[in-house]
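The values are calculated or read from the model by the stated rules, or taken from the named source; none is laboratory data. Please read all numbers here as calculations on a predicted model, not as lab measurements. Here the Cβ positions follow ideal geometry from the backbone for every residue, glycine too, while neighbour counts run over all protein chains shown. For accessibility, only protein heavy atoms count, side chains too; no ligands or nucleic acids. Shrake-Rupley method; radii C 1.70, N 1.55, O 1.52, S 1.80 Å.
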Amino acid sequence: MHDTKDFERLYRDNYSRLYYYALQIVKDDELCRDIINDSFVLVWNKRDDIPPQKLLPYFYRMVHNRCIDHIRKEQAKARYASFYKVFYGVDLGGTDYDKEEDERFQRFVAQVLDGMSVNMRTIVQRSFYDNKRYADIADELGVTVSAVKKQMAKALAIFRSQWRADG
């Protein structure tokens with residue numbers, strides 16, 4: 001697909017289908033447009049490496065992956081905000097941000113994590129920092145999902161009690 005006209009036709013013929021496909025996943029009009037346009041730019045830059053007959057499936061996979069990546073990033077942000085709110089009592093959705101308080105909170109989290117068992121610390125880090133599901137953590141560690149849930153509950157209780165003691 002070296003020809004600009006062929007690529008423009010591909011864009012014109014498939015933009016709306018890819019847009020509605022993305023919209024089913026992320027439910028955000030502007031984001032869908034950005035994802036589709038970014039995907040076309042990326043494919044244009046790789047056009048010599050992709051066989052023409054595989055371009056459309058490649059687009060669908062790229063759009064799908066970019067949508068899922070966006071959802072994961074948003075979930076990670078929400079989880080961090082929730083984690084921060086639970087232990088710090090501050091909603092990150094607001095406009096008040098205090099770098100010193102944030103650094104203090106990060107030191108607190110690091111200190112509490114250091115005091116946990118290796119297994120508990122690993123579970124907390126994989127859940128909050130790596131954004132992994134309990135089932136994935138359980139598979140990686142060779143334990144049950146129930147064990148992961150129990151360790152998380154204990155870890156959260158430790159965070160709460162330490163926060164109250166330090167707070």
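Filter segment 140-152 down to the residues that are within 22 Å of Val109 (Cβ to Cβ) and open to solvent by 60 Å² or more (accessible area, probe 1.4 Å) and list them by number.
Narrowing segment 140-152 to residues within 22 Å of Val109 (Cβ to Cβ): 140-141, 148-152.
Those that are within 22 Å of Val109 (Cβ to Cβ) and open to solvent by 60 Å² or more (accessible area, probe 1.4 Å): Glu140, Lys149, Lys150.
If Met116 satisfies every condition in (1) part of a helix (DSSP H, G or I); (2) modelled with pLDDT of 90 or more; (3) surrounded by 13 or more Cβ atoms within 10 Å (Cβ to Cβ) but one, which is the exception?
The one condition Met116 does not meet is (1).
Are any of the residues in segment 119-139 open to solvent by 60 Å² or more (accessible area, probe 1.4 Å) and of a type in the set (A, V, I, L, M)?
Checked against the condition, which is being open to solvent by 60 Å² or more (accessible area, probe 1.4 Å) and of a type in the set (A, V, I, L, M), segment 119-139 yields no hits at all.
Suppose we filter segment 16-58 for residues that are surrounded by 11 or more Cβ atoms within 10 Å (Cβ to Cβ), touching a residue at least 24 places away in the same chain (Cβ under 8 Å) and more than 21 Å from the chain's Cα centre (by Cα); how many remain?
Matching residues across segment 16-58 total 8.
Give me a count of the residues in segment 131-163 that are more than 21 Å from the chain's Cα centre (by Cα) and under 16 Å from Met116 (Cα atoms).
Residues meeting the conditions: 14.
Can you tell me which residue is farthest from Lys73 (Cα to Cα) among those in segment 1-15 that are among the hydroxyl-bearing types (Ser, Thr, Tyr) and open to solvent by 60 Å² or more (accessible area, probe 1.4 Å)? Lay out the reasoning, then the answer.
Let us first name the residues in segment 1-15 that are among the hydroxyl-bearing types (Ser, Thr, Tyr), namely 4, 11, 15.
Narrowing further to those that are open to solvent by 60 Å² or more (accessible area, probe 1.4 Å): 4, 11.
Details: Thr4: 34, Tyr11: 27 Å.
Here the residue is Thr4.
Given (1) out of contact with any Ser or Thr (no Cβ under 7 Å at 6 or more places or on another chain); (2) at pLDDT 75 or above, where does Ser82 come up short, assuming only one miss?
Single failed check for Ser82: (2).
Is at least one residue of segment 128-138 at pLDDT below 80 and within 21 Å of Arg72 (Cβ to Cβ)?
Checked against the condition, which is being at pLDDT below 80 and within 21 Å of Arg72 (Cβ to Cβ), segment 128-138 yields no hits at all.
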